[in-house]
1. Hey, rough spin-label estimate for TYR164 and ILE146, points 7 angstrom out along Cα→Cβ, what's it come to in nanometres?
2. Which value, in Å² rounded to 10, gives the accessible area of HIS388 with a 1.4 Å probe and all protein chains present?
3. I'd like the accessible area for TRP446: 1.4 Å probe, protein heavy atoms, all chains in place, Å² to the nearest 10.
4. Determine the order of GLU89, GLU174 by accessible area, beginning with the largest, at a probe radius of 1.4 Å.
5. With the full set of protein chains in place, find how many percent of the accessible area of the chain is carbon and sulfur; take the probe as 1.4 Å.
6. Nothing charged except the Cβ atoms of Lys and Arg (+1) and of Asp and Glu (-1): what's the magnitude of the dipole of the chain about its Cα centre? Round to the nearest 20 debye.
7. As a test of understanding, state the convex hull volume per residue of segment 78-232 from its alpha carbons, in Å³.
8. Give me, ordered by chain and number, the residues 5 or more places off LYS445 or on other chains with an amide H under 5 Å from its own placed amide H.
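The values are calculated or read from the model by the stated rules, or taken from the named source; none is laboratory data. Just so we're clear, the structure is a prediction, and the values are computed from it rather than from any experiment. When we count neighbours, we look across all protein chains shown, and the Cβ atoms used for this are built from the backbone with ideal geometry, even at glycine. Surface areas here come from the heavy atoms of the whole protein model, side chains and all, with no ligands, DNA or RNA. Shrake-Rupley method; radii C 1.70, N 1.55, O 1.52, S 1.80 Å.
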Amino acid sequence: VLVESLVVFAVVLAVHGAVWDRFSWCALALALQAFYAQFKWDRLLRLGGAVFQFRGAANSGLLPASMVIPLLGIVMKERCRAAGIVYFERFGVVVASTGMLLALFLSVLAVGITKPVPTNTCIVTGVAGSVVVYTMKHSLAVSEVIEVLEVLLIFVYLSMILLYLLPRCFTPGEALLVLGGVSFVLNQLIKRSLNVVEGRGDPVDFFLLVAVVGVVLLGLFFTVLFLFMDSGTWISSLFFHMMTAVLGLGVIMPWLYRLIQRNPLLWLLQFLFQTQTRLYLLGYWTLLAASACGVVFYQNAKRSSESKKHQASTVTRKYFHFIVVATYVPGLIYDRQLLYVAAVLCLAVFVFLEYVRYFRIKPFGQTLRHLLSLFLDERDSGPLILTHIYLLLGMSLPVWLFPRPCAPKGTLSGAGALVPYSGVLAVGVGDTIASVFGSTMGEIKWPGTKKTFEGTMTAIFAQIIAVALILIFDSSVNLNSSYAWILASVSLVSLLEAYTTQIDNLLLPLYLQIMFMA
């Protein structure tokens, strides 16, 4: 926990040194109070005194998770300010303020339920909260303050519902990241739906917002419904498919139509088959998807033929990382817009299939349970299997969160040019190589962890080689001699991978993106 905290503090200081404004000072104060509050959450988890059931075999992860959204907002604000895009500069301010308020809420919650009341942590949290509120008072307009409070309200209600319905699926830090992100997306969708202006906004962005909110609302609806009926029967399964069609065609499609002012299905088909390059990419991705399914079926056939219980090894699970890298790299080089939309579609399909598996929807629910049980690890301790969804999110978030309007000619300068590749580097290359080499050849373990020194070093080396290959094959990337910063960023994130007990597929790409954008 201490080494993980040191790495996070190093990232915060790096961003503070690059930005150096009132919000970066707030980030420092927030990191200090999150460090104190994290130990209170850890104690509550050990003693079973937390309000909800959180994922076991991991610490709370409050500090690394608390800093992600504020730092993303700060570096986005700075990039858009430099580009002269005032609207997105203000958007970055709202993102940073929202992240700070959500993190403070979790810290106050931990302090409030800790007995006896921790005096020192109360003082630190109070001071940090005062600094953040004072900065927001002098930086945000009234409408922006209302927007931040709306996200906080959605987060509180969403947390109470989902953490109750889905025990042991998240740590407090993971809940902050996932539910905080969903809350922000939901608020953005409501705001944009109420202020639709024809011709304003990219349909691709609306597609992401509607897809994320749509699958979350679908899950909430069926979770409540199946509390009162058995989901494993044919009648329930037929009702599930019918209601999915009704909600999709009767709510989600009209909602998207209102935002993009055209037929969503026709727009999507036209977008996907617009150029010859997109046809080639879609065909190539179809082959990769078929090969991933082949790996799943082969490993399950191997399990069936063995007398003892067979579980997929670390190396086997990393096959999917290699497949994902092979999927994303051509998309990043040749057509990022197509990759953006394809990732959204893939996320919607993944979440829908997880609903089918979780609710045992016929005819495929039980089959999916059997097939995916082979690939479970200690992080899938709750009722949901989320690691493959986290892998997709880790690769996609740098593409989705890339500030396109603030990037002249579609790319940022210096290390910022590598922002869309953050997921590929951190998860696809770094995490994969660290796991494979560490589990097969590693001997020197980092103190207090199962991760090895050899795995971390090979991960850093592999990511540097990957950066060199990106420079060769992607002509839009120009690093402007920022090699020392790239090496420091990759090294810090690789060290974080060695020490964090959070979902690294989700956390590492976001930290690498923050460092590249700073």
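1. Those two pseudo-labels are separated by 2.9 nm.
2. 60
3. 50
4. Ranked from most to least accessible, the order is GLU89, GLU174.
5. 70
6. For the chain, the charge dipole is close to 580 debye.
7. Roughly 158 Å³ of hull volume per residue.
8. Result for LYS445 returns PHE453.
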